[in-house]
């Protein structure tokens with residue numbers, strides 16, 4: 001007879017997600033939202049655009065949990081404290097779809113190929129997280145902002161470049177299924 005390692009109880013359903021990200025300032029987020037709405041109509045997409053206040057570039061996903069794991073939050077904050085980089089320009093100049101679950105493909109705004117600031121922040125933070133024992137296996141880092149999810153796949157295409165000066169990165173607590181983000185920490189980047 002097969003016995004569950006959880007004593008017959010199912011694993012708790014995840015309710016909380018933790019991730020590090022950078023977010024565009026409100027004026028740039030509004031431009032991105034307008035772009036998403038325009039392309040949605042132009043390309044015949046049906047997915048709803050992401051809320052403007054949720055537009056972000058994920059740097060590191062720390063996991064999904066049933067409840068907020070305070071020890072992991074504390075470790076992540078301590079790791080982030082060790083990142084010492086200057087602010088930089090993030091620029092995005094293409095849109096396209098990533099493969100996702102059937103019927104739910106992320107339609108994204110993609111970063112310029114030569115944009116090294118986001119990659120540098122990703123690598124620096126990743127090294128600190130690894131040293132703290134908090135690293136997770138991740139796919140190759142592709143700077144992007146998810147605009148919406150759709151059943152259709154869209155081939156990459158250029159758009160008018162959008163960008164901003166990244167002056168900080170954040171630790172975000174997402175309440176899964178509730179469309180709510182809570183900022184748990186902010187780390188400023190040095191002036192250029």
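The values are calculated or read from the model by the stated rules, or taken from the named source; none is laboratory data. Computed from a prediction, not measured in an experiment: that's the story for all the values here. Here the Cβ is made from the backbone with ideal geometry for all residues, glycine too, and neighbour counts use every protein chain on show.
For the range 21-38, the set of residues classified as under 15 Å from residue 163 (Cβ atoms), assigned to a helix (DSSP H, G or I) and in contact with a strand residue (DSSP E or B) (Cβ under 8 Å, 6 or more places away or on another chain) consists of 28, 31, 32, 35, listed by residue number.
For (1) part of a helix (DSSP H, G or I); (2) under 19 Å from residue 78 (Cα atoms), each residue gets a yes or a no:
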| residue | (1), (2) |
| --- | --- |
| 108 | no, no |
| 119 | yes, no |
| 135 | no, yes |
| 148 | no, no |
| 160 | no, no |
| 165 | no, no |
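Within the option set 132, 140, being within 18 Å of the chain's Cα centre (by Cα) and either crowded, with 18+ Cβ neighbours inside 10 Å or farther than 21 Å from residue 48 by Cα (or both) holds for one residue only, 140.
The set of residues in the range 39-63 being touching a residue at least 40 places away in the same chain (Cβ under 8 Å), part of a helix (DSSP H, G or I) and over 16 Å from the mean Cα position of the chain (by Cα) consists of 39, 40, 43. None of 103, 117 is surrounded by 18 or more Cβ atoms within 10 Å (Cβ to Cβ) and out of contact with any helix residue (DSSP H, G or I) (no Cβ under 9 Å at 6 or more places or on another chain) except 117.
Only one of the listed residues (39, 85) is at pLDDT 95 or above and surrounded by 18 or more Cβ atoms within 10 Å (Cβ to Cβ). That residue is 39. Given the criterion surrounded by fewer than 18 Cβ atoms within 10 Å (Cβ to Cβ), closer than 25 Å to residue 30 by Cβ, touching a helix residue (DSSP H, G or I) at 6+ places or on another chain (Cβ under 9 Å) and touching a residue at least 24 places away in the same chain (Cβ under 8 Å), identify the matching residue among 179, 165, 146. Residue meeting the stated conditions: 179.
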